[in-house]
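The values are calculated or read from the model by the stated rules, or taken from the named source; none is laboratory data. This one's a predicted model, so the numbers in the text were calculated from it and none came from an experiment. With ideal geometry, Cβ positions are generated from the backbone for all residues, glycine too; neighbour counts draw on all protein chains shown. For accessibility, only protein heavy atoms count, side chains too; no ligands or nucleic acids. Shrake-Rupley method; radii C 1.70, N 1.55, O 1.52, S 1.80 Å.
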Amino acid sequence: MSWSIRWKIAVGILLAVACGLLIAGWMTLRSLEQRSLTQFGETLEARTKLVEYVFQSLFHSSIPSVTPSRLQDLARDLGSRYSARVTLIASDGTVLADSAVRDVDLPALENHASRPEVTQAFATGQGQDVRLSHTTGERMMYHARLLRVPHDRAPWVVRVALPLAQVDRASDEFKRQLFLGVGVAFLLAVTLSIWLAHSITKPLSEIASAAQALSTGNSTMRIKTTAQDEVGLLASALNQMADQLHTKIEELSEDRAQLLAVLTSMVEGVMVLDIRGHVLQINPALERMFGISRVEARGRPCAELFRHQRLNNLVSTILQARTPHEDEIVLPLSRRHLHIEASPAGGERDNEACIVLVFHDVTDLRRLEKIRKDFVANVSHELRTPLTSIKGYVEALLDGGKDDPSVAGRFLDIILKQSDRLNLIIEDLLELSKIESGQISLREEPIEVRALVDRTLSTIKPIADRKGHRLVTALDPSLPLIAGDDDRLVQVLTNLLDNAIKYTPGGGTITIRGTPSPSPHTAEPSLNTIDLIVADTGIGIPEKDRPRIFERFYRVDKARSRDLGGTGLGLAIVKHLVEGHGGQVWVEANYPQGSRFVVRLPIKGGKRSLAQWNQDSTV
Ligand code: ADP
């Protein structure tokens with residue numbers, strides 16, 4: 001059982017007080033008894049002297065003989081006068097007279113020579129003793145004195161005894177008073193000790209509960225005390241400590257919150273490792289990059305967690321060298337390119353930041369770099385082909401071809417055709433570059449889809465007719481007005497229809513359909529977008545090429561495209577213009593054959609009529 005400090009103090013004080021009271025009581029009692037006995041003894045001695053004197057005077061009186069009865073009478077007389085027992089003992093111990101014994105019993109009385117006070121009196125002149133009397137059965141004090149007997153006879157002893165009952169009664173009364181006093185004092189001590197223990201331990205209990213609250217993280221807890229003693233000092237020291245702790249915790253929390261905010265908002269992935277290469281911290285960006293959670297990552301070895309040889313090598317190198325390093329890795333599944341900057345952080349123990357790795361996702365950068373390289377290579381190639389051809393035919397003309405009019409005419413035709421192609425490529429490139437650089441600002445005006453389609457068909461129809469294609473138009477009568485740039489949307493449709501004509505063998509069917517877009521979640525058509533669909537019955541596009549045909553210069557069949565006068569830029573222009581309108585474009589297979597290009601455009605202005613639109617615009 002563990003006692004509270006309050007009870008320890010209270011019981012301690014009580015034990016000390018009880019011991020003190022007992023010792024003091026016992027000593028007082030003893031000294032008082034001693035004093036009573038001494039006083040009693042002195043009184044007894046005085047009476048004994050008087051009795052001795054009376055007996056002495058009897059020997060020197062004129063009465064001729066001292067008979068035993070005379071002695072007995074005198075003893076009884078003196079005994080009753082002094083309320084004491086008076087005994088006269090001969091030198092051999094025989095009792096000559098005794099006030100407490102009847103005359104007839106006197107001869108049968110025991111010899112008193114061995115009584116301590118008698119022995120002492122014969123030896124030294126006087127003696128004293130306290131004991132239980134055989135004769136009276138009471139506790140008595142005896143005082144004996146030597147009595148000189150005339151005629152050179154052996155001396156006698158006169159003894160006076162007083163019962164100690166009086167002294168014992170006084171002593172008992174004193175003991176009773178003493179016990180009462182001690183009891184009251186003890187009760188007072190109990191009350192005082194409890195009060196004292198309470199007043200000492202109350203601030204201590206408050207300090208203890210404040211310390212407990214502090215240990216559980218409640219740094220706002222304060223101890224209220226007005227005490228100026230050590231407890232007060234302890235309380236104010238604890239309060240100061242709590243203040244400092246509170247300030248430190250707040251500072252740390254702020255720092256931590258700021259650090260967390262920085263780490264959380266960073267686009268770059270951050271990972272902190274300790275000296276063993278175990279993960280201490282990762283930020284949300286890194287969680288996303290590697291598809292792991294902070295909880296599963298913490299405390300695990302980096303090598304085991306990522307299982308990426310190159311990353312492991314980088315970590316091992318910096319753990320050994322302790323100098324900044326960088327590297328680039330490719331994630332096996334997502335194929336993302338990550339540039340890693342690793343720097344030493346100084347921690348030398350387990351669970352201390354030793355290395356900080358910052359992961360930059362450079363996938364887009366690398367893709368753009370590749371696109372740029374491919375583009376340069378493609379442009380050079382595309383330009384070089386007609387240029388080489390032109391140069392070759394010019395050289396052939398110079399080498400004598402010009403002298404043969406039929407050859408010269410054919411060569412000049414080819415040169416003209418290649419120049420036109422060169423021109424077309426440059427025009428398309430310039431157009432694309434203008435769109436990309438934002439030099440072309442798209443107007444936003446109300447467009448009726450039917451008018452848009454009619455305008456496109458007026459230029460496309462003659463080309464389609466030349467190849468014997470059938471043009472079918474299917475426009476939903478409920479199509480709303482759309483907001484956009486009329487000329488640019490005509491360009492979009494023209495490019496798509498031009499391709500459909502080019503890549504469909506003669507006598508095919510090309511359909512232009514216009515409908516509200518189907519809603520992804522319900523069977524109801526969407527109210528926000530419309531679909532313009534150009535479908536043909538041509539050669540189609542293999543599924544693997546479909547995602548790439550909107551890239552610049554990407555062609556399924558380069559030779560066929562060139563023969564058909566294609567530049568490889570038409571669909572790239574379409575994609576940019578459609579996205580510039582906030583729309584999307586993609587290609588699907590057309591059943592049973594051919595391709596199906598879908599242009600999804602937002603309505604923007606909502607389902608307003610042209611009249612409403614014009615009315616709104618004039619306001
Ligand atoms: P091009 O000038 O070569 O036609 P585009 O960018 O317009 O360039 O088209 C890119 C490639 O997409 C074409 O070379 C062709 O291989 C393919 N393509 C485009 N439209 C069609 C279509 N309707 N049918 C089949 N293939 C097509």
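So here's what we get for this one:
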{"read-out": "For the stretch 76-134: Kirkwood Rh in Å [reciprocal of mean 1/r, alpha carbons]", "value": "12.1 Å"}
{"read-out": "Using θ = phi - 60° and Karplus 6.51 cos²θ - 1.76 cosθ + 1.60, couplings along the stretch 392-404 (whole Hz; Gly, Pro as x)", "value": "x, 5, 5, 4, 5, 5, 5, 6, x, x, 5, 7, 9"}
{"read-out": "Three semi-axes of the equivalent ellipsoid, the stretch 165-210, Cα gyration tensor, whole Å, largest first", "value": "43, 5, 4"}
{"read-out": "For Glu328, distant residues with modelled amide H under 5 Å away", "value": "Ile340"}
{"read-out": "In Hz, Karplus ³J(HN,Hα) per residue of the stretch 357-374 (6.51, -1.76, 1.60; θ = phi - 60°; x = Gly, Pro)", "value": "10, 10, 9, 9, 7, 9, 4, 5, 4, 5, 5, 5, 4, 5, 4, 5, 4, 4"}
{"read-out": "Contact order relative to length of the chain, as percent, for alpha carbon pairs under 8 angstrom and 6 or more apart", "value": "7 percent"}
{"read-out": "Given charges at Cβ of Lys, Arg, Asp, Glu: the chain dipole, positive-most of Pro505, Val51, Ile275", "value": "Val51"}
{"read-out": "R0 of 25 Å, Cβ-Cβ distance His381-Val407: FRET efficiency to nearest 0.05", "value": "0.30"}
{"read-out": "16 Å reach of a label modelled at Trp3, 7 Å along Cα-to-Cβ, counting backbone N of the stretch 10-54", "value": "10-20"}
{"read-out": "Sulfur and carbon atoms: percent of accessible area, the chain [1.4 Å]", "value": "57 percent"}
{"read-out": "Longest to shortest principal axis, alpha-carbon extents of the chain, angstrom", "value": "213, 64, 45"}
{"read-out": "Cα centre as origin, Lys/Arg/Asp/Glu Cβ charges: the stretch 421-499 dipole, Debye", "value": "440 debye"}
{"read-out": "Assigned charges on the beta-carbon of Lys, Arg, Asp, Glu; the chain dipole about Cα centre (debye)", "value": "900 debye"}
{"read-out": "Normalised convex hull volume, the stretch 222-265, alpha-carbon set, Å³ per residue", "value": "46 Å³"}
{"read-out": "Column: log10 I(q)/I(0), Debye, Cα scatterers of the stretch 6-170, q = 0.10, 0.20 Å⁻¹", "value": "-0.44, -1.29"}
{"read-out": "Share antiparallel - DSSP beta bridges, the chain, percent rounded to 5", "value": "90 percent"}
{"read-out": "Whole-angstrom Cα spans of the stretch 319-472 along principal axes, big to small", "value": "89, 56, 30"}
{"read-out": "Cα centroid separation - the stretch 141-205 against the stretch 83-121, whole Å", "value": "31 Å"}
{"read-out": "Anisotropy class of the stretch 381-512 from Cα gyration tensor, a/c 1.5 cut", "value": "oblate"}
{"read-out": "Given charges at Cβ of Lys, Arg, Asp, Glu: the stretch 222-265 dipole, positive-most of Leu238, Ser265, Ile249", "value": "Ser265"}
{"read-out": "Accessible surface, per residue, of the chain when the full set of protein chains is kept, probe 1.4 Å, Å²", "value": "57 Å²"}
{"read-out": "Which of His469, Ile482, Val453, positive extreme of dipole for the stretch 428-501 (C-beta unit charges)", "value": "His469"}
{"read-out": "Charge dipole magnitude, Cβ of K and R +1, D and E -1 - the stretch 366-437, Cα centre, debye nearest 20", "value": "460 debye"}
{"read-out": "Under 5 Å, built H, 5+ apart or other chain: amide partners of Ser517", "value": "Ser526, Thr529, Ile530, Asp531"}
{"read-out": "Whole-angstrom gap from the stretch 312-349 to the stretch 405-434, using each part's C-alpha centre", "value": "53 Å"}
{"read-out": "Three principal axis lengths of the stretch 445-616 [C-alpha, angstrom, descending]", "value": "51, 34, 28"}
{"read-out": "The stretch 46-119: GluC sites (Glu not before Pro) falling in loop per DSSP and having at most 12 other Cβ within 10 Å", "value": "Glu110"}
{"read-out": "Difference of contour (0.36 nm per residue) and Cα-Cα distance, Thr43 to Arg366", "value": "103.4 nm"}
{"read-out": "Label zone at Phe174, where the point sits 7 Å out along the Cα-to-Cβ direction: the stretch 14-46 residues whose backbone N lies under 17 Å", "value": "22-44"}
{"read-out": "Whole-number D in µm²/s for the stretch 366-437 (Stokes-Einstein; Kirkwood sum over Cα pairs; 10 °C, 1.306 mPa s)", "value": "114 µm²/s"}
{"read-out": "Per-selection metrics, the stretch 267-361 (Cα): Rg and Dmax in Å", "value": "11.9, 35"}
{"read-out": "R0 of 41 Å, Cβ-Cβ distance Leu32-Gln212: FRET efficiency to nearest 0.05", "value": "0.15"}
{"read-out": "Computed [θ] at 222 nm, deg cm²/dmol, the chain (DSSP H ≥ 4; -39,500 (n - 2.57); rounded to nearest 500)", "value": "-18000 deg cm²/dmol"}
{"read-out": "Net lengthening on full extension, Glu251/Leu471 (0.36 nm per residue, minus Cα-Cα)", "value": "71.7 nm"}
{"read-out": "For Ser133, residues with placed amide H under 5 Å, excluding near neighbours", "value": "Glu138, Arg139, Met140"}
